[in-house]
Amino acid sequence: MNAVRRLRAGLKGWGGVGAMAVLCALTLVFALVLPVKGTRGDGATGTGGQGLARGTQARADECDTMKDPENQSLRPSSDESGPAIERIRDNDVLTVGVDQNSFRWGYRDPNSSKDEAELEGFDIDIVRRIAQEILGDRDKVRFRAIPTSQRIPALQDGIVDMVVRTMTISCDRMQDVAFSQPYFKTGQQVLAPKSSTINGYGKTLAGKKICTAATSTAWSTLEAGKKSGELPASADISLTVPNQLDCLVRLQLGEVDAVVTDGALAASQAAQDPTVDLKGAPFTTEYYGVAMNLKDVDLVRRVNQVLVDYLKDGWQDSYDTWLSGTLGDDSAQSRPPSPQQYSD
C-alpha cells in the first residue's frame, strides 16, 4: 500500500486523464482489500435463517404494474431481534459494499493530507449512521469496494450485508435483492465534452458512441429508448464497463462520445474534469436505496427506520458537506419524498 500512497501523493487533482487512469487501475487491483475495522469472521452468507421475520417486498410483476418501485419497501421498525441483525451483532461489524472512486459519494481523496486517506462521501455517511444505530459505533464497518456490475452478486453470495453505492431502486432488481426506502432522488443524464454538439438525450446522439456501466439502469434505459424510438437507432450503446468511472476515462481518451449515468454522479464527474459538462436535463426520475439480501427482512425494516430518522437529522448536513458544491445549495430536488405506501 506504500506504493499506492506514493501514487496518490503525485496526483494534483481529479481532472487529468492520467489521474483518472491511475485511479481506475487502483480500483481493479485493490477492489476487495480496503482497510477494515473488525472482521466478518463466521463466513455467514447473509441469507437470514430460522425465525425469519414475516414480510416480503412487492414482487417485480406487481412493481411493473404500479410503476413505483420506490414505494415498495417494508415498513420501518426499530425491532432488533431478527436473524440478520443478530448475525451482524455476532460478527461485531457491518460489512458493506461501496464505491471508492465516486467523487463526493464514496471515494478516497488523492490529495488528502492523511497518510492513509479514509473513505468519505455521501454514501459513506449513510453507512456510518447505520453502523452507529445497529452496533453503537460508526466505525464498526468493513468496507468492500465492489464494481457496479457486482453489486447484486455480492449480496446474493453473502460477501456483504448491504450495498450503499448509488444503487437505483428498480423493478428488475427487486427480483434479486431487497431495497430500503429511497434516500436520494436523481435521474439519468448525458455527460459529454463541452465542445460536443450533443445537447442531451435524443436525436443529437445519432451515430454517437455512448458508454454506460454494465448492469446499470442507464444501459437498460438506453436499450428501451432504442426500441421505442426515443433514442436514434444509430446510437451505439454496445460499450459497457465494470465501473462508472471507467466511462469517464473512455470519454477523456476520446474512445466514446458521451456517457449516460445518474445526474447526481454525472455532476460529480463533471466536477472532476472541467472539459466535460452535463448536456440537457435529466430524462428519467430514479431513487437510490440501500440494497440487501432478499431474506434479510428484519435488516430492511431496521435500515428503513434509520433512514426515516436520518432524513430528519443528518441527511441535510451530509448533502451540504458533499453535494452542494456539485448539485447546488437547494437540496429539495434531491431529497426523496416519504413513501406513499409500503409493501406490507
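The values are calculated or read from the model by the stated rules, or taken from the named source; none is laboratory data. Only a predicted model underlies this, so the values are computations on that prediction, with no experimental measurement involved. Quick reminder, even Gly has a Cβ in these numbers, built from the backbone with ideal geometry, and neighbours come from all protein chains shown. These area figures cover heavy atoms from the full protein model, side chains too; ligands, DNA and RNA do not enter into them. Shrake-Rupley method; radii C 1.70, N 1.55, O 1.52, S 1.80 Å.
Among the residues of region 249-267, those identified as of a type in the set (Asp, Glu) and surrounded by fewer than 23 Cβ atoms within 10 Å (Cβ to Cβ) are Glu255, Asp257. Taking the conditions exactly as written (open to solvent by 20 Å² or more (accessible area, probe 1.4 Å), in a strand (DSSP E or B) and out of contact with any Ser or Thr (no Cβ under 6 Å at 6 or more places or on another chain)), does Asp246 satisfy them or not? Judged against the criteria, Asp246 is not a match. In region 323-337 there is no residue matching the filter, namely being in a strand (DSSP E or B), in contact with a strand residue (DSSP E or B) (Cβ under 9 Å, 6 or more places away or on another chain) and of a type in the set (Lys, Arg).
Confirm whether Pro336 is under 30 Å from Gln72 (Cα atoms) and touching a residue at least 40 places away in the same chain (Cβ under 8 Å).
yes
Filtered by the rule that a residue be of a type outside the set (Asp, Glu) and surrounded by fewer than 18 Cβ atoms within 10 Å (Cβ to Cβ), region 327-342 gives Gly328, Ser331, Ala332, Gln333, Arg335, Pro337, Ser338, Gln340, Gln341, Tyr342. Scanning region 268-324 for residues that are of a type in the set (D, E, K, R), more than 19 Å from Val163 (Cβ to Cβ) and either modelled with pLDDT of 95 or more or open to solvent by 20 Å² or more (accessible area, probe 1.4 Å) (or both) gives Asp277, Lys279, Asp309, Lys312, Asp313, Asp317, Asp320.
Evaluate the following for Glu230: is it open to solvent by 10 Å² or more (accessible area, probe 1.4 Å), of a type in the set (D, E, K, R) and part of a loop (DSSP other than H, G, I, E, B)?
Yes; evaluated as a whole, the condition is true for this residue.
Within region 271-285, residues that are assigned to a strand (DSSP E or B) sit with their Cβ atoms under 6 Å from residues that are at pLDDT below 95 and not aromatic (Phe, Trp, Tyr), at 6+ positions apart or across chains, in these pairs: Val276/Ala270; Asp277/Ala270; Leu278/Ala266; Leu278/Ala270.
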